[in-house]
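Here's the structure we're looking at; comments come further down.
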Amino acid sequence: GKRKRLGTSVMYDSDESEGSDILVRKVPAKRRCVMVDGESSEEEQPDKTCPAENVSASKKQNVLAKVKELVRQSAARRSCSSANCEDSNSEASVEEESLCQLSLIPSEGSETDSGSIKDFVVEEEENDDDDDIDNTEHVKSENQPHQKQRNPSNSELLAHYIPQLSCCDHYVHFKRIVKAFLINAIDDSFLSSLYDGTRQKRYAQDMLLSLHYLDNRFIQPRLENLICRSRWKDRYKERVDCYPDVRISLKNTEYMSCQACELKRYCKFNVLLSGRLYNSKTLEVDDFMSDDKQVLKVGVVCANRTRVYHNLKHFKYKLYMDCSSVVGLDGVEDEPVKDTVERLFSHLEESGWIQKRYSDLEDYMEDADNFQEEK
């Protein structure tokens with residue numbers, strides 16, 4: 001309805017002013033609007049202004065016939081490979097109708113139109129094949145458990161952000177730390193250059209990664225667990241954190257406020273804290289009040305917790321001090337740092353020294369994991 005009335009109005013305007021160039025250009029627009037509705041509209045609205053339209057219409061009929069033949073051939077090929085013949089025939093009929101309407105829209109250039117339509121048909125077939133592949137992959141993914149889909153993604157994220165963690169044993173991290181401490185015992189700026197990002201070589205980055213691994217995976221989570229399950233006051237915790245040396249001795253029992261948790265307890269242990277304050281990353285010591293000591297009387301549970309907490313808290317510093325002692329006892333001079341470190345490290349590994357220190361760390365972690373709840 002609406003398109004026919006629009007075509008009639010355009011024809012009426014062109015009849016009234018045939019001499020106008022602008023209005024004569026409206027005629028192809030009228031012809032296009034009429035032809036989109038169907039073939040019958042051409043009989044209702046004969047073209048009197050363009051004699052070459054009959055030739056163009058015949059070309060379009062030929063193009064339409066070729067298109068229909070192409071659609072029939074493609075539908076026959078799909079029907080042979082498809083499991084459901086009725087679905088493929090219905091798809092072919094729908095494509096045939098859409099292509100017939102598409103072939104009527106252009107007004108000229110039938111050869112190029114037929115070429116573009118052939119390309120369109122081929123792309124439809126390729127897209128159908130791609131859809132079949134996508135559907136097959138979708139069916140396979142649905143048949144697989146969801147847990148198997150998440151595991152690869154987790155491993156990929158781990159390998160991307162922390163590449164060495166997934167392929168390194170804990171003991172490998174520990175040996176890297178020992179080697180870094182040996183280097184720092186010779187060159188006391190090595191650890192600080194690791195943390196400030198000055199050293200970017202692979203071996204340095206591996207050592208920094210292992211240091212973070214020791215702090216964030218071995219030590220810190222267990223320290224936090226010990227504190228959150230205790231009734232220690234912040235002042236007592238700060239004292240234990242600051243002093244790297246501790247001595248716990250048995251004394252006379254007194255019923256008093258425990259100086260760790262400030263609860264009434266039968267206290268019979270003295271905790272002697274001493275040593276110099278140090279940086280937890282670079283392990284540089286601070287000589288301020290180096291001879292300061294603290295003596296605190298605590299109950300049996302707080303005394304045991306102090307021992308477990310202190311062993312784990314200051315393990316890294318004690319390990320560095322042991323490495324420094326090894327370097328200090330070495331009498332070789334005028335040797336490159338790399339050669340000295342490799343020689344000392346090989347000796348420590350062959351003698352079982354590194355394994356012994358690693359076993360101590362495992363014992364400290366086990367004590368922290370198995371420590372009793374506060375009662």
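The values are calculated or read from the model by the stated rules, or taken from the named source; none is laboratory data. Every value quoted in this text rests on a predicted model; they were computed, and no experiment measured them. No Cβ is skipped: glycine too gets one built from the backbone with ideal geometry, and neighbour counts run over all protein chains shown. Heavy atoms of the whole protein, side chains included, go into the accessibility calculation; ligands, DNA and RNA do not. Shrake-Rupley method; radii C 1.70, N 1.55, O 1.52, S 1.80 Å.
Some points to look at:
- P(r) tail fraction, segment 329-375 - alpha-carbon pairs more than 11 Å apart, %: 74
- Options Val337, Leu348, Thr306, ranked by Cα towards positive dipole end of segment 301-352, top entry (Cβ charges): Thr306
- Multiplying the residue separation of Met289 and Ser351 by 0.36 nm and removing their Cα-Cα distance gives an extension gain of 18.6 nm.
- Bins of 5 Å from zero: percent of alpha-carbon pairs in segment 269-366: 2, 10, 15, 17, 18, 16, 10, 6, 3, 2, 0
- With every protein chain in place, segment 292-375: carbon and sulfur % of accessible area (1.4 Å): 47
- The charge dipole of segment 183-251, taken about its Cα centre with unit charges on the Cβ atoms of Lys, Arg (+1), Asp and Glu (-1) only, comes to about 500 debye.
- When each of the peptides 245-256, 217-228, 311-322 is scored by the mean number of other C-beta atoms lying within 10 Å of its residues, the order from highest to lowest reads 311-322, 217-228, 245-256.
- Accessible area of segment 210-370 divided out per residue, in Å², using a probe of 1.4 angstrom: 56
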